[in-house]
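The values are calculated or read from the model by the stated rules, or taken from the named source; none is laboratory data. Model, not experiment: these values are computed from the prediction. Positions of Cβ are backbone-derived with ideal geometry, glycine not excepted, and every protein chain shown enters the neighbour counts. Just so you know, the surface numbers come from the protein's heavy atoms only, side chains and all, with ligands and any DNA or RNA stripped out. Shrake-Rupley method; radii C 1.70, N 1.55, O 1.52, S 1.80 Å.
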Amino acid sequence: MSKLAEKVAFVTGGSRGIGAAIAKRLAADGASVAITYVNGKSSAEAVVAAVEAAGGKALAIKADSADADQVGKAISRAVSEFGPIDILVNNAGVFPTGLIVDTTDAEFDRAFAINVRSGFAAARAALKSMPDGGRIIFIGSTLALRVHAPGLSVYAATKGAVALMAQALARELGPRKITVNTVHPGSTDTDMNPSDGPFAWAQVDLMSNPVGFVEADEVANVVGYLASPDARSVTGAAWTIDNGATV
Ligand SMILES: NC(=O)c1ccc[n+]([C@@H]2O[C@H](COP(=O)([O-])OP(=O)(O)OC[C@H]3O[C@@H](n4cnc5c(N)ncnc54)[C@H](OP(=O)(O)O)[C@@H]3O)[C@@H](O)[C@H]2O)c1
C-alpha cells in the first residue's frame with residue numbers, strides 16, 4: 001500500500017519549480033494533492049495532468065498568497081473537494097533582492113505577506129479540520145541560516161521568520177501529534193534561481209561539496225519523507241539541502 005494512500009495534501013505554489021516537484025512526489029506516494037498558483041495557470045494544469053496520467057488525483061486552485069483571504073478560501077475548496085488536509089506544504093515564495101536604501105515599505109510588506117503570512121493563514125485554515133497526526137512543512141531557505149551576499153535583507157528576514165514560526169507551531173501542535181518542520185533548500189535549479197544564471201558560479205563556490213545546484217526533486221524527496229509515517233517523531237526540525245553551503 002502507498003505510504004500516503006487516503007491522505008490529502010495541499011501545496012502552495014505547486015505550478016512550477018520546487019512546489020511542482022513536491023506535488024508530484026506526494027501524489028506518487030498516494031496522496032490527493034491540491035496546488036495553488038497565481039499566474040501560471042497552464043503550468044498548474046500541466047502538473048495536474050501529469051499527476052492524473054500517473055493514476056493520481058490533483059486539483060489546481062488560483063489563489064494569490066499575498067492575500068490571506070484567498071489562501072483560506074483555497075484551503076476550503078480543497079477540503080470540500082478531497083476532504084480534510086493531512087499534509088500542508090507552504091512553498092509559494094518570492095525572492096526580492098535589493099539594498100535596504102532602495103527597498104520600499106510596500107516591497108517589504110509584500111514579501112512578508114507571500115513568504116510568511118500566507119503560511120500562517122494556510123495553517124490556520126487547514127488546522128480547522130486537519131486530523132491528529134497531520135504534517136505541516138514550510139519551505140524556508142538556507143538564507144535563513146547564513147547570508148552570503150548583500151541585498152538579501154528582506155528575503156532572509158522572511159525565511160528567518162518562517163523557521164521560527166515553524167518551531168513555535170511544532171511546540172503548539174505537538175499534543176495533537178501534528179509535526180511541523182522546515183526544509184531549507186540551498187541553490188536549487190528553478191525559474192527563481194536558474195543554475196545558468198549570472199550569480200550561479202558564486203553560489204556553487206559556497207558549497208563544501210561543489211557538485212552544483214540542487215534539483216527540485218531532491219527537495220521533494222525530503223518533503224516526501226517528512227510527510228510519511230516514518231517521520232512521525234520528527235518535529236521542530238530544520239532540514240538543509242544545500243551541498244554543504246551552510247557548513
Ligand atoms: N530556487 C532556489 O534556489 C530556492 C532556494 C531556497 C528556497 N527556495 C524557496 O522555495 C520555494 C519555491 O521556490 P522555486 O525556486 O520553486 O520558485 P519558482 O520556480 O519561482 O516557483 C514559485 C512558485 O510559487 C508560486 N507563487 C509565487 N508567488 C505566488 C503568489 N503570490 N501566490 C501564489 N503562488 C505564488 C508560483 O506560481 P505561478 O506559476 O503562478 O507564478 C510558482 O508555483 C520558495 O519559497 C523559495 O523561496 C528556493
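For this structure, a couple of remarks:
- Test: residue in region 160-175 that is within 12 Å of the ligand (Cβ to nearest atom), within 13 Å of the chain's Cα centre (by Cα) and crowded, with 21+ Cβ neighbours inside 10 Å: yes
- Among the residues listed as Val89, Val79, Val180, the single one being more than 13 Å from the ligand (Cβ to nearest atom), surrounded by 18 or more Cβ atoms within 10 Å (Cβ to Cβ), within 18 Å of Tyr37 (Cα to Cα) and touching a residue at least 40 places away in the same chain (Cβ under 8 Å): Val79
- Some residue of region 186-194 being modelled with pLDDT of 95 or more and charged (D, E, K, R): yes
- Which numbered condition Lys57 fails, given (1) within 16 Å of the ligand (Cβ to nearest atom); (2) open to solvent by 20 Å² or more (accessible area, probe 1.4 Å): (1)
- You will find that of Ala9, Ala31, Ala49, Ala68, the residue that is surrounded by fewer than 21 Cβ atoms within 10 Å (Cβ to Cβ) and away from the ligand (no atom under 13 Å from the Cβ) is Ala49 and no other.
- Count of region 198-217 residues, restricted to those that are surrounded by fewer than 16 Cβ atoms within 10 Å (Cβ to Cβ) and either closer than 21 Å to Lys3 by Cα or under 22 Å from the mean Cα position of the chain (by Cα) (or both), is 2.
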